[in-house]
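*Asks:* Pasting a structure below so you can have a look.
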Amino acid sequence: MHLSARVESTKQCVNSTANAARNFLQPNTAARLEDMFNEKVTAAESSTNANLRDLASKIPIRRGSAMDKRPSYSEILGNTMKKGGSEVGDQTEIGKSMIEVGTTFEKLGMLEREILSDVYNNFFKPFSNHLQVEWSNIATEKRRLDLARLDLDAAKSKVKAARTPETMQQNEQKVRECQAAFDRQYEQTKILLTDADRKSSEFSNHLEELIRNQMNYHELAHKMLEEAYTKMKK
């Protein structure tokens, strides 16, 4: 794959994965949009742009993402079970079981929140932010390269349209100048593309962090569920 196409493909892949990861972290659309808005406001507070800082100071909610503060679905389920079991009574088999399972799911829910916070800070943020500045710079340089190419094409067209030797000579000089400018811009763009392509290997480190996180979660979750199951079978 051509260098430029490979970098662009990597960018698209990472951005789509980052969007899917945000959905994984917070499936609820309303809560996800709230987090995204608060993150933007929190970031604006430390912006070098005075207007952005002033605007952020006027917005009352500036706590960033709240994904580790909201009760998880497991916690809600566990709390409901515990309440139901207490109402039925822990002297009954179903009441005792509901309380036991409910307590386990509350613990699972708290674990989920801890794990999601870890995923957000140690995978999502570095993964989604990595190379964003480089890609922005590449986009700028590619636009400049396109403009340089247009200038070169226009200069070449004028050479073909020249009707006198003097005009031909002037236009040929302009072609040489435009060609030199295009070559410089091409090399500058190539340098940025090569650097971004080299740094793309670092995404693997962030993906390894996600796997480590999920291994840890499933290990702890399995242990909690196994303990609950053992108690219930006694």
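*Asks:* Let me spell out the model: positive unit charges on the Cβ of Lys and Arg, negative unit charges on the Cβ of Asp and Glu, origin at the Cα centre of the range 101-154. What dipole size does that give, in debye rounded to 20?
*Replies:* 40
*Asks:* Right, something else. Putting +1 on Lys and Arg Cβ atoms and -1 on Asp and Glu Cβ atoms, find which of T80, H218, A20 reaches farthest to the positive end of the dipole of the chain.
*Replies:* Farthest towards the positive pole: A20.
*Asks:* Another question, then. I'd like the accessible area for V133: 1.4 Å probe, protein heavy atoms, all chains in place, Å² to the nearest 10.
*Replies:* Answer for V133: close to 100 Å² accessible.
*Asks:* Moving on. 222 nm [θ] for the chain, helices only, -39500 (n - 2.57) per DSSP H run of 4+, per residue, to 500?
*Replies:* About -28500 deg cm²/dmol.
*Asks:* Under a 1.4 angstrom probe, counting protein chains only, how are M110, M98 ranked by accessible area, largest first?
*Replies:* M110, M98
*Asks:* Just to check, using Stokes-Einstein with a Kirkwood Rh over alpha carbon pairs, what's the diffusion coefficient of the chain at 10 °C and 1.306 mPa s in µm²/s?
*Replies:* Answer, rounded: 69 µm²/s.
*Asks:* Continuing with the same structure: For the range 155-234, how big is Rg over Rh, using alpha carbon atoms and the Kirkwood form of Rh?
*Replies:* 1.72
*Asks:* Treating the beta-carbon of each Lys and Arg as +1 and of each Asp and Glu as -1, no other charges, what is the dipole magnitude of the chain about its Cα centre, to the nearest 20 debye?
*Replies:* 620
*Asks:* At a Cα cut-off below 29 Å, give the lysines reachable from K11, other chains included and same-chain residues fewer than 8 away excluded.
*Replies:* Those lysines meeting the cut-off are K40, K125, K142, K190, K199.
The values are calculated or read from the model by the stated rules, or taken from the named source; none is laboratory data. The structure presented is a predicted model; accordingly, all values stated were derived computationally and were not measured. Cβ atoms come from the backbone with ideal geometry, glycine included; neighbour counts cover every protein chain shown. These accessible areas exclude ligands, DNA and RNA; they are computed on the full protein's heavy atoms, side chains included. Shrake-Rupley method; radii C 1.70, N 1.55, O 1.52, S 1.80 Å.
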